[in-house]
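To start, the structure itself, in structure tokens.
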Amino acid sequence: MDGPDELIHQSLRLKIMAALRNEPGEMPLEFRRLKAITSATDGNLGRQITTLADAGYIKVTKDFHQNRPRTRAQITNRGAAAYDGHVAYLKSRL
């Protein structure tokens, strides 16, 4: 990689991608769990999730669980490759 992935490089998006990449079996994480991990506000987290989903880096699923709306995010193969490439770039700069 010649440079950082500009989409992932933003700190909150990097935190989101790291959380999703490190989830065992890369299972989906619920919005509230991502919010707790990243310490982001609802609005900012929602916007960054949308940005990553629009790029094809994550898949967002919205459904109902126990009669409550639930939003979950899961890393895609494209997102995992982009994240791994970004991490490799960062490691090469040390």
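The values are calculated or read from the model by the stated rules, or taken from the named source; none is laboratory data. If you're wondering where the values come from, they're calculated on a predicted model, not measured in any experiment. In this analysis, Cβ positions are derived from the backbone assuming ideal geometry, glycine residues included, and neighbour counts consider all displayed protein chains. With ligands, DNA and RNA removed, areas are computed over all heavy atoms of the protein, side chains included. Shrake-Rupley method; radii C 1.70, N 1.55, O 1.52, S 1.80 Å.
So, V87, is that one closer than 14 Å to A18 by Cβ, surrounded by 14 or more Cβ atoms within 10 Å (Cβ to Cβ), of a type in the set (V, I, T) and free of Cβ contacts under 8 Å to residues at least 24 places away in the same chain or not?
yes
Could you look through region 6-15, keep only residues that are without any contact (Cβ under 8 Å) to a residue 60 or more places away in the chain and over 17 Å from N77 (Cα atoms), and pick out the one that is most open to solvent (accessible area, probe 1.4 Å)?
E6
When you go through (1) open to solvent by 30 Å² or more (accessible area, probe 1.4 Å); (2) modelled with pLDDT under 95; (3) not acidic (D, E) one by one for G3, which number turns out not to apply?
Answer for G3: the failing condition is (1).
Which of the residues that make up region 16-41 are without any contact (Cβ under 8 Å) to a residue 24 or more places away in the chain, in a helix (DSSP H, G or I) and open to solvent by 50 Å² or more (accessible area, probe 1.4 Å)?
P24, G25, R32, R33, K35, A36, I37 - these are the residues of region 16-41 that are without any contact (Cβ under 8 Å) to a residue 24 or more places away in the chain, in a helix (DSSP H, G or I) and open to solvent by 50 Å² or more (accessible area, probe 1.4 Å).
Could you check, for region 42-58, whether at least one of its residues is surrounded by 15 or more Cβ atoms within 10 Å (Cβ to Cβ) and in contact with a Gly (Cβ under 6 Å, 6 or more places away or on another chain)?
yes
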